[in-house]
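Okay, so here's the structure we're looking at.
The values are calculated or read from the model by the stated rules, or taken from the named source; none is laboratory data. Everything quoted here is computed from the prediction, not taken from an experiment. A quick note on method: Cβ atoms are made from the backbone with ideal geometry, for glycine too, and the neighbour counts reach across all protein chains shown. Side chains are part of the model used for accessible areas, which takes the heavy atoms of the whole protein and leaves out ligands, DNA and RNA. Shrake-Rupley method; radii C 1.70, N 1.55, O 1.52, S 1.80 Å.
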Amino acid sequence: MKNMRKIKVLLILLILPVLNGRAFTEKELVADGQEKNRTQERSGVPSTGDVDVASLEIDASRLGAPIQSTMYGVFFEDINFGADGGLYAELIKNRSFEFPQPLVGWVSFGQVEVKTDRPCFDRNPHYVSITNDGRLLRAGLDNEGFRGIGLKEGREYCFSAYVRSRDDKPMTLSVELVNRGGENPLKKDIKIRGNEWQKITARLTSPFTDTHSRLRIVLKNRGTVDMDHISLFPADTWKGRENGLRKDLAQALYDLNPGVFRFPGGCIVEGNSLATRYQWKNTVGPVENRPSNENRWNYTFKHKAFPDYFQSYGLGFFEYFLLSEDLGAEPLPILSCGLSCQYESNEVVLLDSLQPYIDDALDLIEFANGPVTSVWGKIRADMGHPEPFHLKFIGIGNEQWGSVYPERLEMFVKAIRARYPDVKIVGSSGPSADGEHFDYLWPEMKRIGVDLVDEHYYMEPEWFFANAHRYDNYDRKGPKVFAGEYASHDHTTKKDNNFLTALSEAAFMTGLERNADVVHMATYAPLFAHVDAWQWNPDLIWYDNLQMVRTPNYYVQQLYGMNAGTHILPVTLKGKTEGVLYASAVWDDKTKEIILKVVNRSETSQSLSFAVDGLKKRVLSGGTHIYLASDDLKAKNVLGEPERIVPHVRPLNMDGNHLQLEIAPQSFNVYRIR
Ligand code: AHR
């Protein structure tokens, strides 16, 4: 399955547009008789010396530590309209009228009231009552979607709603697709009979393409119709699922070949307050009855407020588990530890009141893994997945700090270990890469005995280049590292997803890979951003309501994810390469290939004599060279020009165990060698 994905993506790379502006001089010469000088043992810490010709040696005589299947993954959070308005394919904002101001997202005309008597859904009791009393020509409402509704000409859309005729009188609704010019060329009549709540559905084929369309509902005859949970999905969702995901965005995740899928955040886990923290139990069961919540990113930045940002929870924990399964990634849910965001309200649950939070963690494991006869296993089965989701990891607390965190975490760890000793627990080292909180929390994590420690770093590109050796001397006996949120922030470009940031991440990640015995997971963050509704940048994937852009950073993640290998191969880099070349290598036991990764951050081409040491015969026959390069460090991919920086592939000819490589300036290179 995963190998098929690799072959598919490789084929796609092969047919990507021609080289983007860079002429490579191909100097792939056999360089026999290389001096062999291995200097490192554990994970291939590169060495430098006063050798004029740079050389890179791989010791293929023995395999290093295994690389975890979870090594490169995806961090998901509903930030930047990442869930509602993003991955979750629902096109209607505030479909249940449950925002505190129940008509946000809607423009009503004629007589439209919000009511709660005899509701359709007990946990989402608000609905609209539309009356056409004959005095007005029309009555109804428009929905604006998430900064518009994206519709494509000729594509089908699934409309549904819960309705009743108040007076038990036959009524007719017109459901219409309206373009940004106000034209409504698509109208479909739906008849309503009976005064009990009922679900109506219709399939609409869009006659136009527009990122900023609207859905309109018009009551055509006299009388009153109550409506709730008004929904519009593209028929073509990821895997054709109802209540599904936007296909292009889910496909982009799949193409990363992620080994782990972390959800639902991020700060959203903690909430602006304890009351608005993420509570997974509110996100499962029938979508119509999942109570919505504010989004923690609504008012975070004073200069960028999003009063209409809420969580419908249509994309909830069941859907996250399902997506993890589809992606072939280990699910990694993160739960509240009983502290609200310490940057915001900083509320603390007293230790003697923590049990409901601990129960949430235990119940979640039962929801994911429990038999269908268990309380939560049955809910999973009722949702259509009797088989367990095989949850192996759980995180407690996001970016917490101070003694309040370990005190609480310890209680979770005891309870989870007692009931589920095989589930691995992730603790946090706070919000930054070093400093007071970090220095306090790491020893605490060791004392408590969590399995992995989540580290976060949003730093300048220079930090990433300089920290390619961050993990070389990490304690091998303690918990493993989960680089759970990281991204290179180029403040000189207001944090663009430019090539410099991608290159610095690629260089840094050689260090993750060389230290894969201690780094077990790494996820770039944040993942998604809607171009018209983002709070935080940079982000891996950008989109509007119809198209998306994979950033250079995306391609770096993809090249690591697709070329993760199964074992570390020690590498030795010699010569004056410090701050210029960065390298790592792995063995892929499934494809029987050596995979070498090299970053050249300099503006000049670098000659690198490459030798594979420790092989009995001249057995390397060639392979593939995949590379990402740009002579403009500030270049980026944008909507309308999404392929300025994309990987390119060419064959690698090799006849023997040595090779003279010419590493292009400002490039990230992956060599797969048979
Ligand atoms: O990734 C964006 C935010 O950065 C996350 O929600 C939070 O954990 C971190 O501060």
Scan of the stretch 407-447 for residues that are more than 22 Å from GLY266 (Cβ to Cβ) and touching a strand residue (DSSP E or B) at 6+ places or on another chain (Cβ under 9 Å), ordered by number | ARG417, TYR420, LYS446
Working carefully through the options GLU325, GLU366, GLU288, find the one that is without any contact (Cβ under 8 Å) to a residue 60 or more places away in the chain and either outside any loop (DSSP other than H, G, I, E, B) or open to solvent by 30 Å² or more (accessible area, probe 1.4 Å) (or both).
-> GLU366
Could you count how many residues in the stretch 169-181 are closer than 25 Å to ASP133 by Cβ and assigned to a loop (DSSP other than H, G, I, E, B)?
-> 2
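Conditions (1) open to solvent by less than 10 Å² (accessible area, probe 1.4 Å); (2) within 16 Å of the ligand (Cβ to nearest atom); (3) in contact with a Lys or Arg (Cβ under 8 Å, 6 or more places away or on another chain); (4) basic (Lys, Arg), marked per residue:
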residue	(1), (2), (3), (4)
TRP542	no, yes, no, no
THR551	yes, yes, yes, no
ASN563	yes, no, yes, no
LEU569	yes, no, no, no
LEU573	yes, no, no, no
THR577	yes, no, no, no
LYS592	no, no, yes, yes
From GLY134, GLY154, GLY82, GLY86, residue being at pLDDT 95 or above, more than 16 Å from the ligand (Cβ to nearest atom) and either in a loop (DSSP other than H, G, I, E, B) or more than 27 Å from the chain's Cα centre (by Cα) (or both) = GLY154
Of all residues in the stretch 499-538, how many are more than 16 Å from LEU256 (Cα to Cα) and within 16 Å of the ligand (Cβ to nearest atom)?
-> 9
Counting just the residues of the stretch 258-315 that are more than 14 Å from the ligand (Cβ to nearest atom) and closer than 30 Å to MET562 by Cα, which one comes out farthest from the chain's Cα centre (by Cα)?
-> LEU315
Look at the stretch 188-212 and say how many of its residues are assigned to a strand (DSSP E or B) and either loosely packed, with under 14 Cβ neighbours inside 10 Å or touching a helix residue (DSSP H, G or I) at 6+ places or on another chain (Cβ under 8 Å) (or both).
-> 5
Check PHE438 against each of (1) among the hydrophobic types (A, V, I, L, M, F, W, C); (2) part of a helix (DSSP H, G or I); (3) within 16 Å of the ligand (Cβ to nearest atom); (4) surrounded by 23 or more Cβ atoms within 10 Å (Cβ to Cβ) and name the one condition it does not meet.
-> (4)
Does the stretch 105-122 hold any residues that are crowded, with 16+ Cβ neighbours inside 10 Å and touching a Gly at 6+ places or on another chain (Cβ under 7 Å), and which are they?
-> GLY110
Got a number for residues in the stretch 141-157 being open to solvent by less than 40 Å² (accessible area, probe 1.4 Å) and at negative phi?
-> 8
Condition met for GLU242 (closer than 18 Å to LEU87 by Cβ and acidic (Asp, Glu)) = yes
Boolean, ASN515 is more than 30 Å from ALA89 (Cα to Cα), in contact with a Phe, Trp or Tyr (Cβ under 7 Å, 6 or more places away or on another chain) and buried (at least 24 other Cβ atoms within 10 Å of the Cβ) | yes
Would the stretch 452-468 turn up any residue that is of a type in the set (D, E, K, R) and within 15 Å of the ligand (Cβ to nearest atom)?
-> yes
Among the residues listed as LEU661, LEU620, the single one being assigned to a strand (DSSP E or B) and within 19 Å of LEU56 (Cβ to Cβ) = LEU661
